[in-house]
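Enquirer: Please see the structure below; I have some questions.
The values are calculated or read from the model by the stated rules, or taken from the named source; none is laboratory data. None of these values were measured; they are calculated from a predicted model. Counting neighbours? That spans all protein chains shown, and the Cβs are built from the backbone with ideal geometry, glycine included.
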Amino acid sequence: MRWIIKLDEGLARLSNLCGWVACAAMILMAGNVFYDVVSRYAFNEVSIGMQEMEWHLYSVVFLLGIPYALRTDGHVRVDVFYTNWSNKAKAWVNLSGAVLFVIPFAYLIGSYGYDFALDSYSMGEGSGDPGGLPYRWIIKAVIPVSAFFIATSGLGMVTFAIRVLSGEKSYEVEHSGEGLA
């Protein structure tokens with residue numbers, strides 16, 4: 001059981017790292033949008049590259065925010081039923097959901113996303129707009145990377161559910177927002 005604890009804590013650190021990267025990308029995106037708005041309306045200057053950087057950063061926020069949301073139970077589900085269930089029932093739902101849906105879905109995203117990014121890299125794909133960003137494959141490569149982290153978060157859901165089923169952990173304490181720093 002000790003190895004489950006170590007694995008679960010390591011997977012939690014990976015998910016938290018994804019959350020920190022998503023947070024940093026969100027801050028950078030806010031700064032980018034602020035710069036874009038000020039330069040457009042105050043100086044009548046437009047940068048296609050900066051506009052494209054907005055959706056690149058948003059992609060990072062979204063794709064790396066998913067593993068963090070999975071780990072911290074910040075994702076969408078039918079909480080009308082789930083909230084009133086016991087910890088063991090919640091653990092079984094999360095365990096089966098991770099094994100049947102999250103991990104296989106992450107595998108599909110990763111395998112298709114890898115080919116998608118590889119094709120973009122081999123074509124030397126860049127922006128179609130003058131002044132746009134030249135290496136579009138970089139943002140497309142975030143797709144399989146995020147799939148890897150989604151799979152590790154799915155595995156983290158499994159290890160945490162095992163800890164809940166053993167009576168060592170509880171969903172109310174762990175996922176209430178405490179200890180996420």
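Enquirer: Specify the residue that is farthest from the chain's Cα centre (by Cα); the eligible residues are those in the stretch 38-61 that are among the polar types (S, T, N, Q) and either surrounded by 15 or more Cβ atoms within 10 Å (Cβ to Cβ) or under 13 Å from SER127 (Cβ atoms) (or both).
Expert: Result: SER47.
Enquirer: A follow-up question, please. Checking the structure you have, find out if any residue of the stretch 52-67 is in contact with a Lys or Arg (Cβ under 7 Å, 6 or more places away or on another chain), of a type outside the set (Lys, Arg) and either closer than 30 Å to ILE27 by Cβ or without any contact (Cβ under 8 Å) to a residue 12 or more places away in the chain (or both).
Expert: no
Enquirer: Quick check, is GLY49 out of contact with any helix residue (DSSP H, G or I) (no Cβ under 6 Å at 6 or more places or on another chain), outside any helix (DSSP H, G or I) and either touching a residue at least 12 places away in the same chain (Cβ under 8 Å) or not hydrophobic (A, V, I, L, M, F, W, C) (or both)?
Expert: For GLY49, the condition - out of contact with any helix residue (DSSP H, G or I) (no Cβ under 6 Å at 6 or more places or on another chain), outside any helix (DSSP H, G or I) and either touching a residue at least 12 places away in the same chain (Cβ under 8 Å) or not hydrophobic (A, V, I, L, M, F, W, C) (or both) - is not met.
Enquirer: Of ALA91, ALA106, which residue is touching a residue at least 24 places away in the same chain (Cβ under 8 Å) and touching a Leu at 6+ places or on another chain (Cβ under 7 Å)?
Expert: ALA91
Enquirer: Quick check on VAL33: is it of a type in the set (A, V, I, L, M, F, W, C), surrounded by 14 or more Cβ atoms within 10 Å (Cβ to Cβ) and in contact (Cβ under 8 Å) with a residue 24 or more places away in the chain?
Expert: No.
Enquirer: Ok, one more. Take the stretch 15-30 and flag every residue that is under 17 Å from PHE148 (Cβ atoms) and either surrounded by fewer than 18 Cβ atoms within 10 Å (Cβ to Cβ) or among the acidic types (Asp, Glu) (or both).
Expert: Matches in the stretch 15-30: ASN16, LEU17, TRP20.
Enquirer: Additional query: Taking the stretch 116-133 only, how many residues are assigned to a helix (DSSP H, G or I) and loosely packed, with under 12 Cβ neighbours inside 10 Å?
Expert: 2
Enquirer: Of the numbered conditions (1) under 30 Å from VAL164 (Cα atoms); (2) assigned to a helix (DSSP H, G or I); (3) under 23 Å from the mean Cα position of the chain (by Cα), PHE81 satisfies every one except a single condition; which is it?
Expert: With respect to (1) under 30 Å from VAL164 (Cα atoms); (2) assigned to a helix (DSSP H, G or I); (3) under 23 Å from the mean Cα position of the chain (by Cα), PHE81 is out only on (3).
Okay, residues lined up against (1) modelled with pLDDT of 90 or more; (2) touching a helix residue (DSSP H, G or I) at 6+ places or on another chain (Cβ under 6 Å); (3) within 17 Å of SER153 (Cβ to Cβ):
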{"position": "ALA24", "(1), (2), (3)": "yes, no, no"}
{"position": "ASP73", "(1), (2), (3)": "no, no, yes"}
{"position": "ARG77", "(1), (2), (3)": "no, no, yes"}
{"position": "VAL80", "(1), (2), (3)": "no, no, no"}
{"position": "ASN94", "(1), (2), (3)": "no, yes, yes"}
{"position": "PHE101", "(1), (2), (3)": "yes, no, yes"}
{"position": "ALA117", "(1), (2), (3)": "yes, yes, no"}
{"position": "TYR121", "(1), (2), (3)": "yes, yes, no"}
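Enquirer: So which of VAL158, VAL99 ends up being under 30 Å from MET1 (Cα atoms), surrounded by fewer than 17 Cβ atoms within 10 Å (Cβ to Cβ) and in contact (Cβ under 8 Å) with a residue 40 or more places away in the chain?
Expert: The unique qualifying residue is VAL99.
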